[in-house]
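Asks: Dumping the structure here so I can ask a few things about it.
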Amino acid sequence: MKLDERLMLCASFVRDGIKAVDVGTDHAYLPVYLVKSGKIKEAVASDVREGPLSNAKKNIQKNGLSEQIRTVLSDGLAEITPAQADDIIIAGMGGELIIKIIDAACWLKDSDKHLILQPMTRAEELREYLCKNGFYIQKEKACISCKKTYSVMLCVYDGKIRECSDKFRYVGNLDQDGSPEAERYIDVVCEKLKKKIKGFEKGMPEYDSFYRLIGILKRENDLK
Ligand SMILES: C[S@@+](CC[C@H](N)C(=O)[O-])C[C@H]1O[C@@H](n2cnc3c(N)ncnc32)[C@H](O)[C@@H]1O
């Protein structure tokens, strides 16, 4: 069984032999892969809607994994207990929703728990939230799937409140990664910033800070 690059990257961040919860699982592709490949023995596949959860159940049954993967109808982590979850995967959702889900589950403030996060939008807001709320981004990698770039973050709570520079908000530490995927991610961020900048006049604080940031990210000041 193969996953796309995005879910494959999420899977690679999961620790061997732990209990995983996939929040917003939809078809449960990720937990099915993790258990079927032998990386973990049990998982919870959860979703807030009946429809996706029913897709998950069908896929789990089809793969003969009903004993190992439990499905739970849950808004975020509301119906999940800390004992069920060592690694918590929240993928394929907007950054704002991911923040809401983390914020509502205070038991995530535990250094034994690993959060594996893959925002579809507003990654910069998510990074800022993590910095300001004591979560450390231990690892972040980018991938390309169906010509789109994504980033996956592995986060652990250590209680330290961190400064979040503009650069960190937009690309984390991906500028030090050096992989073609990370470089592509940075290019896409720069393109978005260039579009944003058009809404501001030269000399306005927003214009100046975005301009400066693009220069830092592209390691040059080539904005025309
Ligand atoms: C685009 S799918 C992503 C599926 C899979 N995680 C992936 O990355 O491919 C988003 C899923 O999140 C679920 N979802 C949305 N809000 C949620 C919430 N508050 N709690 C749990 N699941 C939620 C949706 O029902 C949907 O199945």
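Asks: Within the range 1-13, count every residue that is buried (at least 17 other Cβ atoms within 10 Å of the Cβ) and closer than 16 Å to L65 by Cβ.
Replies: Final tally of qualifying residues: 2.
Asks: OK, next. Of all the helices (runs of 4 or more DSSP H) wholly in the range 146-224, which have at least 1 residues that are at pLDDT 95 or above and either in contact with a strand residue (DSSP E or B) (Cβ under 9 Å, 6 or more places away or on another chain) or not charged (D, E, K, R) (or both)?
Replies: Because the criterion is at least 1 residues that are at pLDDT 95 or above and either in contact with a strand residue (DSSP E or B) (Cβ under 9 Å, 6 or more places away or on another chain) or not charged (D, E, K, R) (or both), the helices (runs of 4 or more DSSP H) in the range 146-224 that meet it are 166-171, 180-197.
Asks: Filter the range 1-19 for residues that are more than 12 Å from the ligand (Cβ to nearest atom) and aliphatic (A, V, I, L, M); which is farthest from S74 (Cα to Cα)?
Replies: Checked the range 1-19; the qualifying residue farthest from S74 (Cα to Cα) is M1.
Asks: Here's a follow-up. Considering only the range 30-57, state which residues are within 21 Å of L73 (Cβ to Cβ) and away from the ligand (no atom under 16 Å from the Cβ).
Replies: Within the range 30-57, E42 is the sole residue that qualifies.
Asks: Ok, one more. Of all the residues that make up the range 144-159, how many are more than 12 Å from the chain's Cα centre (by Cα) and either small (G, A, S) or within 19 Å of Y170 (Cβ to Cβ) (or both)?
Replies: Of the residues in the range 144-159, 5 are more than 12 Å from the chain's Cα centre (by Cα) and either small (G, A, S) or within 19 Å of Y170 (Cβ to Cβ) (or both).
Asks: Since A123 meets every condition but one in (1) surrounded by fewer than 19 Cβ atoms within 10 Å (Cβ to Cβ); (2) at pLDDT 95 or above, which condition does it not meet?
Replies: (1)
Asks: Could you please let me know if E140 is within 18 Å of V189 (Cα to Cα), among the charged types (D, E, K, R) and either modelled with pLDDT under 95 or buried (at least 20 other Cβ atoms within 10 Å of the Cβ) (or both)?
Replies: yes
Asks: Then there's this: Taking the criterion of being of a type in the set (S, T, N, Q), within 16 Å of the ligand (Cβ to nearest atom), part of a helix (DSSP H, G or I) and free of Cβ contacts under 8 Å to residues at least 60 places away in the same chain, would at least one residue in the range 71-80 satisfy it?
Replies: Within the range 71-80, none of the residues are of a type in the set (S, T, N, Q), within 16 Å of the ligand (Cβ to nearest atom), part of a helix (DSSP H, G or I) and free of Cβ contacts under 8 Å to residues at least 60 places away in the same chain.
Asks: For the range 54-86, give me each residue that is crowded, with 18+ Cβ neighbours inside 10 Å, touching a helix residue (DSSP H, G or I) at 6+ places or on another chain (Cβ under 7 Å) and of a type in the set (A, V, I, L, M, F, W, C).
Replies: Within the range 54-86, I60, L65, I69, L77 meet the criteria.
Asks: Quick one: which residue in I88, I98 is more than 11 Å from the ligand (Cβ to nearest atom) and of a type in the set (A, V, I, L, M)?
Replies: Only one candidate passes the filter, namely I88.
The values are calculated or read from the model by the stated rules, or taken from the named source; none is laboratory data. Everything quoted here is computed from the prediction, not taken from an experiment. Heads up, the Cβs are rebuilt from the backbone with ideal geometry, glycines too, and the neighbour counts pull from every protein chain shown.
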